[in-house]
Structure formats: C-alpha cells, structure tokens
Amino acid sequence: MKPLYYCLLLCLCCKGISAQNLPCQSYQLIKTRNEVQYKNYYLLTLFQQLPELRKMLAPDTALQNMLKSKTRQVNESLKNCRTEIPCYAKALKFSTAEIANISNRMAAIYSENNPLGKFEFGG
C-alpha cells in the first residue's frame, strides 16, 4: 500500500512542476524609489504606475467600499491606539476575510479583454 502512496505523491509532484509557467524573459520590472513596495507588493506598484489599470479599478464600488473601510480602521487606530504599536499594526494588516474579498473581486473584474487581462504580469 505504501508504494502506491509514494507513486501517487510522485505523480502529483511531477504534475505540479510541469504546470508551472516560466517567467517571460523579456519582461521588465516596473521599479519605483520604494524598493520594499515594488519587491514585496508588486501588484500595488503596477496599480500606481499603470494608468490603464488605475482607471479601470478606481470606479469599482466594491473595491472603493473596501478602501473606505480600511481607511476608517486605520484612522480610528490613530485616534485610539496611543502608544500601543500592535494596535496600529492590527489596523494596517488585512484580515483573511478582507484578502478573500479583494481576491474574489479582482477575479470577478478580470477579463481577457480589459486592461487587467491584457497586461502581462511577467508570467
């Protein structure tokens, strides 16, 4: 029975490796003065630096509502946290639910025919 598990595991690993896309060698990273941002949060850099993406996402009411909610949380932390640094960090950190909501919204917005779908993100 164990050899069967090892065989299945090997097959899954091989399938996963073969499914990986190689990065596009001609892709040029968009760099900003803020190295931490463009290295760790590259998608945010693209939204800031590419007007067509910004123009497409800015009017989205669901994303705007999420932005307003997060801004409200951060502003409240500035008023209420005083010297408690973890309190500020908690307000800045995205929750699992917030990440899922943003991910779902971005997936719903995506289309091969809009700027998000036409842009090649290096892959």
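FYI, it's all coordinate maths here, none of it is from the lab. As the structure is a prediction and not an experimental result, all values here were calculated from the model. Here the Cβ positions follow ideal geometry from the backbone for every residue, glycine too, while neighbour counts run over all protein chains shown.
Worth a mention:
- Listed by Cβ neighbour count within 10 Å, with the fewest neighbours leading, 82, 54, 105 appear as 82, 54, 105.
- DSSP-assigned coil residues among GluC sites (Glu not before Pro) in the range 63-123, each with at most 16 further Cβ atoms within 10 Å: 84, 112, 120
- In this Cβ point-charge picture (+1 for Lys and Arg, -1 for Asp and Glu), the range 61-118 has a dipole of about 180 debye about its Cα centre.
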